[in-house]
1. What is the residue count in the range 249-265 for residues that are surrounded by 17 or more Cβ atoms within 10 Å (Cβ to Cβ) and in a helix (DSSP H, G or I)?
2. For the range 235-248, does any single residue satisfy the condition of being under 24 Å from A183 (Cβ atoms), of a type outside the set (D, E) and loosely packed, with under 15 Cβ neighbours inside 10 Å?
3. Considering each residue of the range 46-64, count those that are surrounded by fewer than 10 Cβ atoms within 10 Å (Cβ to Cβ) and among the charged types (D, E, K, R), and give that number.
4. Go through the range 171-194 and count every residue that is crowded, with 18+ Cβ neighbours inside 10 Å and either of a type outside the set (A, V, I, L, M) or part of a loop (DSSP other than H, G, I, E, B) (or both).
5. Taking interchain pairs and intrachain pairs at least six residues apart, which have beta carbon atoms under 6 angstrom, with the first residue in the range 232-260 and within 15 Å of A275 (Cβ to Cβ) and the second at pLDDT below 95 and acidic (D, E)?
6. Is there any pair with a first residue in the range 11-25 that is over 11 Å from R84 (Cβ atoms) and assigned by TED's automatic domain parsing to the domain that holds V77 and a second that is aliphatic (A, V, I, L, M) and part of a loop (DSSP other than H, G, I, E, B) whose Cβ atoms are under 7 Å apart and which are 6 or more apart or on different chains, and what are they?
7. Tell me, which residue of the range 131-170 that is of a type in the set (D, E) and at pLDDT 95 or above is surrounded by the fewest Cβ atoms within 10 Å (Cβ to Cβ)?
8. Return yes or no: is F38 crowded, with 17+ Cβ neighbours inside 10 Å, modelled with pLDDT of 95 or more, closer than 30 Å to R131 by Cβ and among the aromatic types (F, W, Y)?
Amino acid sequence: MIEVLRREVLALKGLPRNAAYDKAMNDPKMLDECLRLFRERPELFAHVVIDAGKQPVTVDHDVLACGRTLAEAVALVVRAAARRYFRSKLDFRSKFQAPPPKPSLMKRMGLALGLSHPPPAPKHAPKPHSRSEALYQAIREHLRFDWQVLLIPHYTPMSPTLVSDLGSRLLDIREAAELQALASPGNMPRDGRVPLLLDDARRLLVGGKDTIDAEILWRVVQQMDLARLFPNKSDVSQIRRAVAQVSATHVDVIRSLLPVLGGDIRRFTAFLMIAFTTLGEQRFKQDFCQTGQVHAARKLAERLSKIEAPPPCLDDMKRVYAALLSTAYVGGVEAGPSRLDAQPRLKKALDALGPSSKPVSISG
């Protein structure tokens, strides 16, 4: 594959084969670019990524000529890149440790003339795993997918204990901000409780009520770094205001959304915050915070139930949820800049969403 990549990837052109391979494998951003090229333009690799019958392989579960599936081969690449990166970052100091002292000149002469005997070899305890190897062994079985390549730098500061505590739930985390939050002191419970970010949406609610606790919502927004949804993400007062408004979501809307989004606190939170930034504060108040919205909220939940849930990645959730919200009608008037301008964009968004693309009135 590296020969194809040397032709197609600008940063690899002109490099010798081994240098190009090392550049791709040592840099997660570069490796991500290479894997994206493979996924987006498989025809470029049709003569090298083949099965036993020399037919191109593009589907993860198909078996390559080497006997492994494509998914297994991708996992091997991800693991190799992670191991290299861990070593370069975690074992850096060991490269500069002082070598053992050499024998004196007289001692060396005595050894050369046979007048003295070399000292017995010291009995060393078994060499412990390096920091990089300890982390790699803890995380190895959870390194499987292309999308994890860009997260390798953010796995690196995690301790093997944290990785073991998260276990397979590590594969539910696709955002660097969330990995950083889980690695921060106090965010990973030591009493066996589920971390806030990996809990269900009822963790957001005031005890015994179907209303949102604004302070818990604020913590989730911070840990997910949902400030990225706002034009000025550094304006804390604006984001605080949005959280306060979202926490006022009407109980009927919450009860309608919980069955379809309630299994994941991040999807539930992201949907409400994306609704706020997509619709604007006034429309959000009108459609999500007023009484008499039961029918509209149920229709919205019905739409959500008929589309494939996006991965817990903010870009994917924003694409899917914003498209769904942008196809709504408000008081019989189509949402968006204008009906004429909106039609092509709506059709494209609805095609991406799949079945049940009829616009929903979310204001009755």
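1. The total comes to 9.
2. Here is the first cut: in the range 235-248, the ones under 24 Å from A183 (Cβ atoms) are 236, 239, 243.
Okay, now just the ones that are also of a type outside the set (D, E), so 236, 239, 243.
Going one step further and asking which of them are loosely packed, with under 15 Cβ neighbours inside 10 Å, we end up with 236.
Scanning the range 235-248 turns up at least one residue that is under 24 Å from A183 (Cβ atoms), of a type outside the set (D, E) and loosely packed, with under 15 Cβ neighbours inside 10 Å.
3. Qualifying residue count for the region: 1.
4. Number of matching residues: 5.
5. Listed pairs, sorted by first residue: I254/D210.
6. Close Cβ pairs (under 7 Å, with a partner that is aliphatic (A, V, I, L, M) and part of a loop (DSSP other than H, G, I, E, B)) amount to K23/L15.
7. In this case the residue turns out to be E141.
8. Judged against the criteria, F38 is not a match.
The values are calculated or read from the model by the stated rules, or taken from the named source; none is laboratory data. All values derive from a computational prediction rather than experimental measurement. Positions of Cβ are generated from backbone atoms using ideal geometry, with glycine treated the same way; all protein chains shown enter the neighbour counts.
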